[in-house]
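Reading through the structure tokens given below for one structure.
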Amino acid sequence: MENKSHAFWAGLFTVALLLAIGAAAFFFNVDRTVRVPYDLIARTNVTGLYTDAAVRYRGLDVGKVQSIHFDRQHPGQIVIRILVDKNAPITQSTFGSLGLQGVTGIAFVQLDDTGANPAPLESSPKQIAQIPMHPGLFDQLQQRGDILMRQLERVATDVDNMLSDETRRQLMATAASLQHAADGVTTLTQQMAPAAGKLSGTLTTLDTTLASTNQLISSINRPDGPFETNLNKVGTAAQQAGEALTSVDSSLQELSSRVGYDTLPRVNSLADDVRSAVRSVDSAAETFNANPRSVLFGGAPHAAPGPGEAGFAWPAAHANR
């Protein structure tokens, strides 16, 4: 009897424990969140999206996908029924798109808002509001596939042109030119090495020269320095020279006055005497030329009186006429 009683109580405890574990699991796992239904209207592919997929609002979990079905009233249109937390900020400008979870290919609904209309979007099980579905990244890539393919084809053509024989020859020539330039730089570096070694000594000499120059400038700027002293001496000499020039100018003016008032009249008188003497000499020369005998016998014969003069008489031949 004791063994049967012990077994009965052990079994009853086990059953009670299992019931308690089940009740606890149900209590902790039951979802008490109040969710509001919305319909996402998709006109693009919903590849990878399944029932119970996550619904996220800018990355935060706010609900799950309840069902996916075709819209019988609009062929080609897909209606995605989602259940969203009532506290989620769903507005009139909210839209949905598909997002992919890593590389698994499993999709989820990503909700976002443009902010154009912040008014809340009211929804209820009796009147379910609709949210537009925008193309996701994968759909955008598919829509732009033709453009991307053309661009890739153009890039491939450009690459093929770049790898042509002529381009390769040009690249080889460019590489050879660069190598030649690098060799020139290496040679120049080797030639500049001795100069670089002397640079420290040159800098030291330059520092010494600058120090001497500063000392010279300081000595020049001193009021009692040699520069100021020599300038004063030059000024004094210039002043003395100016005084000497003033004295010379006075002497020259006095000499000019004497020459103008005393010497020039005498010179003019002397010139008149010289002109008279010259005229006398000219007269004597003419007399000598006309009558050389006058030098030996003295006195020049008087010329015969002309017509109208005293003692003039007409010649006989002219009188007979």
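The values are calculated or read from the model by the stated rules, or taken from the named source; none is laboratory data. Small disclaimer: the values here were computed from a predicted structure and weren't measured. Here the Cβ is made from the backbone with ideal geometry for all residues, glycine too, and neighbour counts use every protein chain on show.
Counted as qualifying within region 79-155 are the strands (runs of 3 or more DSSP E) with 1 or more residues that are touching a residue at least 60 places away in the same chain (Cβ under 8 Å) and surrounded by fewer than 16 Cβ atoms within 10 Å (Cβ to Cβ), namely 129-132. Using beta carbons and a limit of 9 Å, which pairs, at least six apart or on different chains, have the first residue in region 182-193 and on the phi > 0 side of the Ramachandran plot and the second one of a type in the set (Lys, Arg) and surrounded by 10 or more Cβ atoms within 10 Å (Cβ to Cβ)? Filtered contacts from region 182-193: no entries. Phe70 falls short on exactly one of the conditions (1) farther than 15 Å from Met133 by Cα; (2) free of Cβ contacts under 8 Å to residues at least 24 places away in the same chain, and that condition is (1).
Residues that are assigned to a strand (DSSP E or B), acidic (Asp, Glu) and within 13 Å of Ile131 (Cβ to Cβ) occur at least once in region 39-62. Being among the basic types (Lys, Arg) and within 30 Å of Thr47 (Cα to Cα), is that true of even one residue in region 144-157? Yes, there is a match, as at least one residue in region 144-157 is among the basic types (Lys, Arg) and within 30 Å of Thr47 (Cα to Cα). Scan region 226-265 for residues that are basic (Lys, Arg), more than 30 Å from Gln215 (Cβ to Cβ) and either at pLDDT 70 or above or in contact with an Asp or Glu (Cβ under 9 Å, 6 or more places away or on another chain) (or both) and report the count. Within region 226-265, residues that are basic (Lys, Arg), more than 30 Å from Gln215 (Cβ to Cβ) and either at pLDDT 70 or above or in contact with an Asp or Glu (Cβ under 9 Å, 6 or more places away or on another chain) (or both) number 0.
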